[in-house]
Amino acid sequence: MHLTEVYQIYPTERECIIFLEKMRWDGLPRCPYCKSHRSTFLTKEGRHHCNGCNVSYSVTVGTVFHRTHLPLQKWFLAASLIIGNEQDIPIRQLACDLQVAKNTASYIFARISRALYRSDQRQLLQDISCRTSDLIVLAIEQRTETTTWQTWQR
Ligand SMILES: [Zn+2]
C-alpha cells in the first residue's frame, strides 16, 4: 500500500475535473460570471466557453484550486492527507508525499487550511477526501509502522 495508489482514484487531470464538475454543477456547466448554462466545451483546454458573456471558464473558478499550476491530482491528494490526518501533517512530510518542494507544500497547506473555514469549500474538500479516506488511513498507518520499525532497528 502506497500513497500513489490514492492517485488511482483520480487517475488523470480530466478525471479530477469531471469530479469537480459533478460536485459543483451536477454535471451541467454554469458560467461563474453570468450564470448562463449555455456553453461550448473546449476539448483542448478542458474549459468551457460561455455563449452568454463570451468568456471561457473552468470549474475551478471560485475554488481553492483556482489559478494554480499544480496538477489537480496533487491538490486532491493534499486535501485527503490534510483532512485524513488527525494532527496537522508536518510540512516536510506533506512535501515528501506530494513530491513537491517544501515551499510549495507550505503554500498548499496554508491554502487548504484557509479554505476549510469556508463552508462551501470545506464541503468540496471533504467530498474529495471522502473517496480516498480508506486508502489514506491505510497509507498513514503503514507509514507509522515502517517508521516505528526503522526506529526499533537502530
Ligand atoms: Zn457567462
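The values are calculated or read from the model by the stated rules, or taken from the named source; none is laboratory data. Values in this document were obtained by computation on a predicted structure and should not be read as measured data. Every residue, glycine as well, gets a Cβ built from its backbone with ideal geometry; the counts of neighbours run over all protein chains shown.
Worth pointing out:
- Entirely in the range 1-119, the helices (runs of 4 or more DSSP H) that have 2 or more residues that are surrounded by fewer than 15 Cβ atoms within 10 Å (Cβ to Cβ): 4-7, 13-25, 91-98, 102-115
- Enumeration of residues in the range 1-26 that are among the acidic types (Asp, Glu), on the phi < 0 side of the Ramachandran plot and at pLDDT 85 or above: GLU13, GLU15, GLU21
- Extreme residue, farthest from TYR107 (Cα to Cα), among residues of the range 32-57 that are of a type in the set (Gly, Ala, Ser) and within 13 Å of the ligand (Cβ to nearest atom): GLY52
Each row is one residue, and each column tells you yes or no for (1) touching a Cys at 6+ places or on another chain (Cβ under 7 Å); (2) touching a residue at least 24 places away in the same chain (Cβ under 8 Å); (3) not small (Gly, Ala, Ser).
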position: SER58; (1), (2), (3): no, yes, no
position: VAL61; (1), (2), (3): no, yes, yes
position: ALA78; (1), (2), (3): no, yes, no
position: LEU81; (1), (2), (3): no, yes, yes
position: ASP88; (1), (2), (3): no, no, yes
position: TYR107; (1), (2), (3): no, no, yes
position: ALA115; (1), (2), (3): no, yes, no
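- Among the residues of this structure, PRO29 counts as one that is within 13 Å of the ligand (Cβ to nearest atom), on the phi < 0 side of the Ramachandran plot and not hydroxyl-bearing (Ser, Thr, Tyr).
- Being surrounded by 15 or more Cβ atoms within 10 Å (Cβ to Cβ), of a type in the set (A, V, I, L, M, F, W, C), modelled with pLDDT under 90 and within 24 Å of GLU15 (Cβ to Cβ) is a description that applies to ILE136.
- Yes/no for LEU125 being within 18 Å of PHE19 (Cα to Cα) and of a type in the set (A, V, I, L, M, F, W, C): yes
- Hey, TRP75 more than 16 Å from the ligand (Cβ to nearest atom) and among the hydrophobic types (A, V, I, L, M, F, W, C) or not: yes
- The requirement of being basic (Lys, Arg) and more than 24 Å from THR4 (Cβ to Cβ) is fulfilled nowhere in the range 74-93; no residue meets it.
- As a summary of the residue check, VAL64 satisfies the conditions (1) under 17 Å from the mean Cα position of the chain (by Cα); (2) within 12 Å of the ligand (Cβ to nearest atom) except for the one numbered (2).
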